[in-house]
1. Report the relative contact order of the chain, percent, no decimals, based on alpha-carbon pairs under 8 angstrom and at least 6 residues apart.
2. Could you list 139, 29 in order of exposure, starting from the residue whose Cβ has the fewest other Cβ atoms within 10 Å?
3. Once you wrap a convex hull around the alpha carbon atoms of the chain, what is its projected area averaged over all directions, in nm²?
4. When the label point is put 7 Å from the Cα of residue 187 along its Cα-to-beta-carbon vector, which residues of region 28-57 have a backbone N closer than 18 Å?
5. Please go through the residue pairs 146/169; 100/143; 51/143 and name each one whose alpha carbons sit more than 23 Å apart in this structure.
6. Mind checking the angle between helix 94-104 and the chain's longest principal axis? C-alpha axes, 0 to 90 degrees, to the nearest 10.
7. Quick one: Cα centre-to-centre distance for region 136-153 and region 80-106, in angstrom?
8. What nm distance separates the two modelled labels at residue 167 and residue 42, each placed 7 Å from Cα along Cα→Cβ?
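A short reminder: the numbers here are calculations on the coordinates, not readings from a lab. The shown structure was predicted, so the numbers you read here are calculated from the model rather than taken from an experiment. Cβ sites come from the backbone with ideal geometry, for glycine too, and all protein chains shown count toward neighbours.
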Amino acid sequence: MIFLASGNPHKIEELHQLLEPLQIQVRSTRDLEDAAEVEEDQPDLAGNALKKARYWFDQTGLPSLADDTGLEVDVLNGAPGVYSARYAGENVTYAENVEKLLREMVGEIDRSARFRTVIAFVTDEGEYLFEGVCEGIITNERKGEKGFGYDPVFQPDDYSETFAELSSKEKNRISHRGRALDKFVSRIINSTTHQ
Ligand code: IMP
């Protein structure tokens, strides 16, 4: 059993889908009443992910997994990066963040970008970090209704659809979070098979 230190229903759903086939049981902040929000105030993704995983490990005693994700746009010097959730300000909607990104990118030819996820896993045996990256471009306009966040304007390399047009299965297969989780799973499986 592991604890998913996230209150974001979209992420929990994605992580559930990825962990289910491995028969890893999960609990998350969704199963708790009035779960605290851990403030993401660290200077980088690893710092935020570790802060959340440590907090929930202390609270629950269960091995705890947390992720933090940023969208890095080359022509914006890596912004919004660690500030992706509050790019357009505090307590804004996904749509407002996307709106701001499209506005900043008007007329830009170089639209290359990447999603980066850092997963932190904290257990009584130690702390582990796993990183996953997905390269792509920022489209000129929104496309698709699936997913969340910046999905409608992120088109992964080698695809002609945005993440919001792909099935969740396909997104998970190639996404930043899917890749970080693959590394986590290989590590966990290896460590259990070597015990
Ligand atoms: P956080 O990891 O929840 O802090 O995510 C930071 C920001 O990136 C939020 O605004 C999310 O909407 C966005 N984000 C995180 N993961 C994804 C994703 O898989 N697709 C699109 N946007 C994402």
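1. Relative contact order, the chain: 17 percent.
2. Starting with the residue having the fewest Cβ neighbours, the order is 139, 29.
3. Mean projected area of the Cα convex hull: 11.1 nm².
4. Hits in region 28-57 for residue 187 at 18 Å: 44-57.
5. Beyond 23 Å between Cα atoms: 51/143.
6. Rounded to the nearest ten degrees, it is 40.
7. Measuring centre to centre over Cα atoms gives 13 Å.
8. Result for the modelled spin labels: 3.5 nm.
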